[in-house]
Amino acid sequence: MSEILSSTITKVSMPLNDITYAWLLLVIIVLAGIVGGTASYFLSESESKSPVKSIVIGVVASFIVPVFLNMISSNLLIEAQQKIDKIFIFTGFCVLAAVFSRNFLENVYNKVIQQVGNLEKKVEDAVVEPNTPDNEVSADLLSSSGLTPQQYKVLRELTSGKFTYRTLSGLRKDSGLDRANCETVINELIAKSHVNAKPNKENKIRYSISTQGREILGGISINSE
């Protein structure tokens with residue numbers, strides 16, 4: 001009898017439209033967060049733990065479940081729109097995440113940071129540096145490309161190092177320009193859209209060559225051969 005009932009539940013289809021399904025998920029997430037957060041409070045042996053705080057963190061963890069499912073490429077949310085048994089699985093997942101909310105949130109955060117780091121590494125590995133001539137480039141060729149010798153030197157330094165983003169002090173040291181001159185050249189290249197400037201996590205400006213700058217170097221490389 002139980003096998004027949006289980007088979008029947010599994011085959012039940014739920015032709016829910018997107019709006020109805022979205023509201024259903026919202027209700028499930030909130031209720032599961034409250035239930036799981038409450039359970040987390042009672043499971044804790046700490047007398048100083050606040051029930052309200054446990055419930056709030058539980059609801060937050062429950063809301064993160066769809067993000068986690070997307071990160072692991074799970075189709076549970078898509079399947080749950082068609083099969084009622086998947087709804088119960090999703091509900092259980094949200095309750096479980098709320099019960100162990102702190103550990104769950106920390107694990108998801110670490111996974112996000114890891115994926116962002118991997119993505120940045122892939123972007124850096126995918127950067128193809130243009131071929132730049134080793135020999136001296138004529139003043140006429142630089143002039144026709146709209147560059148001064150100093151600007152060309154800085155652009156080359158932005159592609160010759162192992163780092164995609166460079167500091168002003170590093171560029172000044174490698175190019176042999178003094179600080180004031182290097183700043184002037186960098187600003188001129190930024191104005192020409194040959195160089196990009198962006199702050200890092202410490203809010204310090206880092207410089208990188210733009211796509212247009214790479215095209216300019218590539219054209220110089222071809223014409224100087």
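Can you list which of the chymotrypsin sites (Phe, Trp or Tyr not before Pro) found in segment 147-180 are DSSP loop residues with at most 14 other C-beta atoms within 10 Å? Could you put the intermediate results ahead of the total?
Details: sites: TYR152, PHE163, TYR165; in loops: PHE163, TYR165.
Answer in residue order: PHE163.
Roughly how many Å is it from the Cα centre of segment 175-225 to that of segment 78-104, as a whole number?
What the calculation gives is 50 Å, centre to centre.
Starting from the alpha-carbon convex hull of segment 17-118, give the projected area averaged over all orientations, in nm².
7.0
Go through LYS49/LYS201; LYS153/LYS198; LYS111/LYS201; LYS173/LYS204; LYS111/LYS192 and tell me which ones have a Cα-Cα distance over 28 Å in this structure.
LYS49/LYS201; LYS111/LYS192
Enumerate the amide H contacts of ILE209 below 5 Å, restricted to partners 5 or more residues apart or on another chain; note that Pro and chain-start residues carry no placed amide H.
Amide H to amide H, under 5 Å and 5 or more residues apart or across chains, ILE209 pairs with ASN196.
With the Cα gyration tensor of segment 37-88 in hand, give its eigenvalues times 5 under a square root as the equivalent ellipsoid semi-axes, listed largest first in whole angstrom.
So the three semi-axes of segment 37-88 are 30, 12, 8 Å.
Bear in mind these aren't lab numbers, they're just calculated from the coordinates by the rules spelled out. Not measured: the values here are computed from a predicted model. All Cβ positions, even for glycine, are placed from backbone atoms using ideal geometry, and neighbour counts span all protein chains on display.
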